[in-house]
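Here the structure comes first, spelled out in structure tokens, and everything after it is commentary.
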Amino acid sequence: MAALGLLAAACQGPAAHPRAAAPVPPAGITITTGNLTFSAPASAASPGGSVVTRSAVRALIDKRPDLGIEVSVTGGRLVRVSAVNGRGRAVPGALAGGSTQWRADWALTPDQAYHVTATAVNPRGRATSITGSFRTLTPRHTFGAMTSLIAGQVFGVGMPIMVTFSHPLTRKAEVERSLAIWSSKPVTGAWYWMSDTQVWFRPRAYWPAHTRVRFEAHLKGVQGARGIYGNANLTQRFRIGNSLIVRASAATHHMKVWWNGHFKGKWPVSTGQPGDDTPDGHYLSFAMGNPVRMDSATYGVTKGQPGYYNVLVYDSVKFTNSGDYVHSAPWSVAEQGFSNVSHGCVNVAPAHAAWYYDHSVLGDPITIVGSPVKGTWGDGWTIWFLSWRKLVAGSATHQMVVADSRGSQLAPAQVTLPSSLRLPAPPDPAGRRQAPHGGP
């Protein structure tokens, strides 16, 4: 028993000491802005306390303000990012990647000072901070933008957002990503490049009636073409009013009218006579007048020639550049509903024309069907000539825009539409008219 006691004591021996936990390195932070990088690598961190790395004292120039600011972290997570310009205004941005990244929402303003501070913690809660200060380049060449939208104006449900640039642009996708839309009612649409100096937004289907819209172009610092940067942002608010949609048939000589989704009536009309046919197409109203002087001399038929006219026409709503209107025509009431006798316009009885004019705003849809002549792309606001598929194909990103009251984002385009919402493809160039016309 004594021997067993000695053995037990020998087996117990002195108490074992637990191994010390391995140290956890501090988080590594990198601030990237254009051609500049500021970093606090974990391997360079001194033990204990926070690590602070500052940029060089000399002025640092960010030569690519269009790339914005990105902050990333390894071995930890971001807990705070502060980015301000020289005036103390915050740079909007958001966390991503599970709090391991932060990105500025838009490009940086040229010729502006910026200061960025980022703080991250490692898994043990140890903090690392880094700051970077720099100035963006002063570009030699810039471009501006404008829109025909008027603040607070009320438009029809087909109204596009039209942006015109002061210089031809080649980096269209970058410009497109700088455009944002807020809509009080959800809407899906796409941007379409009409030319190198103009881009339009159109909803997939018509805007919902009574929608409030805010459009912003964050163009400052965007490189629209090589070495050419946006010099100003653009903001505009407008409203979509009541829904007024008409569909006139050159074959049946009647025009169907819908007001806020309800069928208003089927009105007798007279469209263009043979040789002056009113062209088929999905148009928008873009000008109004009461009265409008219509003079055939504007397209070459002068006084004394067959077909000459020079008259004042009341309650006139224009839908083609070549002179087609929906308007009052008391002289053709007997033919309305039976035959086409106009010079290209849609003739309507005075009472109906007055109601239509009084309820119209710019951007109301006007569709012409049943004509032997196809409409011409660009003869008016013809953005609704495009099918949804062709509209998306005309976007530089080839993505659709999904907008609501929180803002907008790009998303993969869905190219299928319900049959009731499908639109015709753009007109065949072979069917285009060779000369402008239009008249009472």
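What to note about this one:
- Residue in the stretch 214-232 that is farther than 30 Å from Lys63 by Cβ, of a type outside the set (A, V, I, L, M, F, W, C), at pLDDT 95 or above and surrounded by fewer than 23 Cβ atoms within 10 Å (Cβ to Cβ) present: yes
- Of the listed requirements (1) assigned to a loop (DSSP other than H, G, I, E, B); (2) open to solvent by less than 40 Å² (accessible area, probe 1.4 Å); (3) in contact with a Lys or Arg (Cβ under 8 Å, 6 or more places away or on another chain), Thr170 misses just one: (2).
- Search result, residues across the stretch 75-89 that are outside any strand (DSSP E or B), closer than 20 Å to Leu108 by Cα and open to solvent by less than 80 Å² (accessible area, probe 1.4 Å): Gly86, Gly88
- Of all residues in the stretch 299-354 being of a type in the set (Gly, Ala, Ser), under 20 Å from Val373 (Cα atoms) and in contact with an Asp or Glu (Cβ under 8 Å, 6 or more places away or on another chain), the one that is surrounded by the fewest Cβ atoms within 10 Å (Cβ to Cβ): Ser322
- Scanning the stretch 360-404 for residues that are part of a strand (DSSP E or B) and over 28 Å from Val257 (Cβ atoms) yields a total of 6.
- Condition check for His343: of a type outside the set (Phe, Trp, Tyr) and closer than 30 Å to Gln153 by Cβ: no
- Of the strands (runs of 3 or more DSSP E) that lie entirely inside the stretch 96-160, those containing 1 or more residues that are over 27 Å from Arg212 (Cα atoms) and at pLDDT 95 or above span 101-104, 113-121, 127-136, 141-143.
- Restricting the first member to the stretch 155-173 and to residues that are of a type in the set (Lys, Arg), and the second to residues that are surrounded by 24 or more Cβ atoms within 10 Å (Cβ to Cβ), the beta-carbon pairs closer than 7 Å and six or more apart or on different chains are Arg171/Gly224.
- Residue within the stretch 276-286 that is out of contact with any strand residue (DSSP E or B) (no Cβ under 9 Å at 6 or more places or on another chain) and under 27 Å from Asp358 (Cα atoms) present: yes
- Of all residues in the stretch 351-391, exactly one satisfies the criterion of being touching a His at 6+ places or on another chain (Cβ under 6 Å) and within 22 Å of Ile181 (Cα to Cα), namely Trp384.
- Residue within the stretch 343-356 that is in contact (Cβ under 8 Å) with a residue 40 or more places away in the chain, under 30 Å from the mean Cα position of the chain (by Cα) and not in a helix (DSSP H, G or I) present: no
The values are calculated or read from the model by the stated rules, or taken from the named source; none is laboratory data. Just so it is clear, the model here is predicted, and its values are computed rather than measured. Cβ: placed from backbone, ideal geometry, glycine included. Neighbour counts: every protein chain shown. For accessibility, only protein heavy atoms count, side chains too; no ligands or nucleic acids. Shrake-Rupley method; radii C 1.70, N 1.55, O 1.52, S 1.80 Å.
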